[in-house]
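One structure is given below, encoded as structure tokens.
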Amino acid sequence: MGTDSRFMTVAAVLSLLLLVLPVRQRHHAAPPSGTHDTLAYYADDPVQATLMERYIGSIGAVPAQADSPEGVFLVSVADTSALPEGMVPGREFFRGYRWAVPEDSAPYLMKMELWMDQVSRTGTYRRLEKGKIEDLERISRYDDLIIRHADAIGWDWRLLAAIIYTESRFHNSASSARGAKGLMQINSSRYTAEELADPDKNLSTGTAYLARLDRMFMERYPDGRERIKFVLAAYNAGEGKVNSWIGKARENGLPTDCWDNVKKVLPSIHPTRAYVKNVLEIYGEYAILYPSQP
């Protein structure tokens with residue numbers, strides 16, 4: 001990309017329409033007054049455009065319209081000399097690009113680089129760099145369905161997606177040796193195999209169980225962040241086993257107010273320990289890379 005390269009712009013936070021604009025013809029003024037700073041952003045890589053679109057709002061800025069004078073630019077590493085006067089480049093990130101911001105927006109660049117460090121550690125990002133994922137438009141083909149069922153029980157849809165990924169890798173045809181089927185690996189004699197093969201029915205059944213587990217642990221674990229660990233453990237192993245582990249921990253003199261204490265009664269290689277850890281790690285990645293309300 002040379003000095004006369006043209007950048008593509010995302011017109012608004014929910015728009016993926018890319019407009020070609022010449023870099024050198026843009027001027028940069030101070031952000032408008034108000035409760036938010038405004039930053040326009042330009043990218044000739046659609047994945048980077050998506051990353052920027054999602055992140056700018058999370059740092060207290062708002063994406064500008066295409067004709068706004070403020071700027072956050074995405075430039076190739078070889079083309080940093082083409083930056084307009086007064087622009088400061090950050091470190092290299094993703095496929096040989098850097099972000100750059102006006103000098104008076106340097107604090108945003110620091111926040112972006114901290115965020116880039118988080119993103120770079122995720123498995124999703126590594127798959128992107130290797131070309132195993134084409135874009136960040138969705139977690140799975142079932143996102144709309146996941147969002148609807150998560151909303152029905154008051155859950156973050158990305159957490160539900162993390163459970164589904166752990167259970168089935170989003171393969172609706174998945175089945176286990178114990179007869180669990182579908183996206184959420186439901187094992188129930190109440191439904192036929194054909195019913196459980198329906199993604200909507202499968203998610204409806206799975207989320208209803210999650211909601212019941214959530215209510216069951218509500219009084220004992222009012223802190224939702226802690227309660228979700230017990231819900232996940234029970235979804236994996238069954239509520240009876242989790243209750244027995246809580247009782248065993250109490251007998252061993254362990255405080256039962258958190259999962260980290262209760263899980264000590266399990267072998268270090270117990271699959272439920274790994275299950276809770278894996279779901280929460282995947283959820284953490286999704287929370288970095290995907291908006292809470294797409």
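Annotations
- Ala233 vs. criteria touching a helix residue (DSSP H, G or I) at 6+ places or on another chain (Cβ under 6 Å), under 17 Å from Ala162 (Cβ atoms) and of a type in the set (Gly, Ala, Ser): yes
- The C-beta contact set for segment 202-224 (first residue under 15 Å from Gly154 (Cα atoms), second residue among the small types (Gly, Ala, Ser), distance under 6 angstrom, 6+ apart or interchain) comprises Leu213/Ala234.
- Screening Leu114 on (1) over 16 Å from Val47 (Cβ atoms); (2) at pLDDT 85 or above; (3) in contact with a helix residue (DSSP H, G or I) (Cβ under 9 Å, 6 or more places away or on another chain); (4) not assigned by TED's automatic domain parsing to the domain that holds Lys277 shows it passes everything except condition (3).
- Segment 83-124, residues that are under 27 Å from Leu280 (Cα atoms), among the polar types (S, T, N, Q) and surrounded by 13 or more Cβ atoms within 10 Å (Cβ to Cβ): Gln118, Thr122, Thr124
- Qualifying residue in segment 230-242 (condition: under 20 Å from the mean Cα position of the chain (by Cα) and of a type outside the set (Val, Ile, Thr)): yes
- Any chance Tyr42 is buried (at least 16 other Cβ atoms within 10 Å of the Cβ), at pLDDT 80 or above and in the same structural domain as Thr122 (by TED's automatic domain parsing): no
- Among the residues of segment 174-197, not a single one is of a type outside the set (Lys, Arg), over 30 Å from Arg141 (Cβ atoms) and either buried (at least 17 other Cβ atoms within 10 Å of the Cβ) or in contact with a helix residue (DSSP H, G or I) (Cβ under 9 Å, 6 or more places away or on another chain) (or both).
- Flag if Trp157 is aromatic (Phe, Trp, Tyr) and within 26 Å of the chain's Cα centre (by Cα): yes
- Residue count for segment 235-269, restricted to those that are of a type in the set (D, E, K, R) and in a loop (DSSP other than H, G, I, E, B): 1
- The residues on offer are Leu266, Leu183, Leu254, and the sole one that is among the hydrophobic types (A, V, I, L, M, F, W, C) and under 22 Å from Leu145 (Cα atoms) is Leu183.
The values are calculated or read from the model by the stated rules, or taken from the named source; none is laboratory data. Here the structure is a predicted model, which means the values were calculated and not measured. Every residue, glycine among them, receives a Cβ derived from its backbone with ideal geometry; neighbour counts consider all protein chains shown.
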